[in-house]
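The values are calculated or read from the model by the stated rules, or taken from the named source; none is laboratory data. All values reported here derive from a predicted model rather than from experimental measurement. Quick reminder, even Gly has a Cβ in these numbers, built from the backbone with ideal geometry, and neighbours come from all protein chains shown. The accessibility values were calculated without ligands, DNA or RNA, using every heavy atom of the protein model including side chains. Shrake-Rupley method; radii C 1.70, N 1.55, O 1.52, S 1.80 Å.
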Amino acid sequence: MAFGDLLRKLWGPGRTSVSPRPFKAKLARFAPQFSGYNQHDSQVLVVLLFNLFARAAFSCLMMYGPFQELLAFLLDGLHEDLNRVKHRPYIKSKDADGRPDEEVADEYWANHIARNNSIIVDVCQVLGRFKSEV
């Protein structure tokens, strides 16, 4: 709720300056390392928020189709902002030409990482890569 309230105040009509103290206080309840006034790495905050968001998201994932779209949109935006690759190379995809699936998958994954390398990819990679049987 605190994050939603903060967003409503930031983007709602009649915007004025906004103090994020209520949000920070709620965040500190879940992540004590953010209590006090020490400076923290933004990546630590992003990972924490992603983990909190992911817990809530995955518990609702099967119930709400539009929620999947929202999650994909948010993760894509975070990935784009946090992508470590600044100059994305053009990589021409090769056909499988009878090569083993593992070899082709490894090649495609290496090509993907050459263009997309963010904390979002790092975290989601744990979920694994799957082969479609359709």
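The figures follow:
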quantity: Residues (farther than 26 Å from Lys86 by Cα and in contact (Cβ under 8 Å) with a residue 24 or more places away in the chain) located in region 96-116; calculated: Asp101
quantity: Selection status of His112, closer than 22 Å to Val47 by Cβ, at pLDDT 80 or above, open to solvent by less than 60 Å² (accessible area, probe 1.4 Å) and in a helix (DSSP H, G or I); calculated: no
quantity: Phe30, sole failed condition from (1) out of contact with any helix residue (DSSP H, G or I) (no Cβ under 8 Å at 6 or more places or on another chain); (2) at pLDDT 70 or above; (3) open to solvent by 90 Å² or more (accessible area, probe 1.4 Å); calculated: (1)
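The rows are residues; the columns are (1) more than 27 Å from His112 (Cα to Cα); (2) open to solvent by 80 Å² or more (accessible area, probe 1.4 Å); (3) modelled with pLDDT of 80 or more.
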{"site": "Thr16", "(1), (2), (3)": "yes, yes, no"}
{"site": "Phe58", "(1), (2), (3)": "no, yes, no"}
{"site": "Met62", "(1), (2), (3)": "yes, yes, no"}
{"site": "Arg84", "(1), (2), (3)": "no, yes, yes"}
